[in-house]
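See structure below.
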Amino acid sequence: MNTYSEVIQHIQALWNYGLTTFKLKYNSNYIDPIWTVLQEDIVFRFPESSYKDNLHYKRYYKKATSFSGKNYQLYVGNFLSACARKGATFHKVLTELQKSYIWNDIALHYENNDTTEHQLIERMRESYQERLLLGYSI
C-alpha cells in the first residue's frame, strides 16, 4: 500500500473489527455508551473510485493440523530455565527431560527439521550454559 486511497479502504474494516471484537464494558451487563457511539457513528469516507468492495475483516484461528512445534520449543526452553534456577547439572536436566512423556515427540520434531538428536542435545547444552552464565540460576 503506497497511496492514501489504498490505505483508507482498510481503515473502516479495521475499525469495525476492533470495536466488534473488543468491547469496553460499562459494567458486567452493559457496554459503555461511548462504545456504541464509536461503533455506529464514526464512518471513514473515501471516494467511490478508490475501492471496489467494502472490506470485512475476520479473525481466522489456526487449525489443529497446522502444528509448528512452537510448543515443544517453549517447553524445552522453559524447562531449561527452571532447572537453571534450581542449579541442576546438565546431565540431570537431560535425564529428566528424556524421561518426559513427550521426549520422543520433541526429538522427532527436531529430526523433521534436519536436527539430529545429538545436535539437539548439544544445542540444549549450549543454551543451558548460557542460562547459567546470564544469571537465570540466581
- Scanning segment 5-46 for residues that are in contact (Cβ under 8 Å) with a residue 40 or more places away in the chain and of a type outside the set (S, T, N, Q) gives Glu6, Ile8, His10, Ala13, Leu14, Tyr17, Phe46
- Item | Residue list for segment 119-138, filter: among the acidic types (Asp, Glu) and over 26 Å from the mean Cα position of the chain (by Cα) | Glu122
- Message: Give me the helices (runs of 4 or more DSSP H) completely within segment 1-96, filtered to those with at least 1 residues that are at pLDDT 80 or above, out of contact with any helix residue (DSSP H, G or I) (no Cβ under 6 Å at 6 or more places or on another chain) and assigned by TED's automatic domain parsing to the domain that holds Thr115, ordered by residue number.
- Response: 70-86
- Note on the structure: Filter segment 100-118 for residues that are of a type outside the set (A, V, I, L, M) and either at pLDDT 95 or above or not in a helix (DSSP H, G or I) (or both); the one that is nearest to the chain's Cα centre (by Cα) is Asn113
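Could you please find all residues in segment 113-130 being in contact (Cβ under 8 Å) with a residue 40 or more places away in the chain and of a type in the set (S, T, N, Q)?
Those that are in contact (Cβ under 8 Å) with a residue 40 or more places away in the chain and of a type in the set (S, T, N, Q): Asn113, Ser127.
The values are calculated or read from the model by the stated rules, or taken from the named source; none is laboratory data. Owing to the predicted nature of the structure, the values given are computational and were not obtained by experimental measurement. Note that each Cβ is placed from the backbone with ideal geometry, even for glycine, and that neighbours are counted across all protein chains shown.
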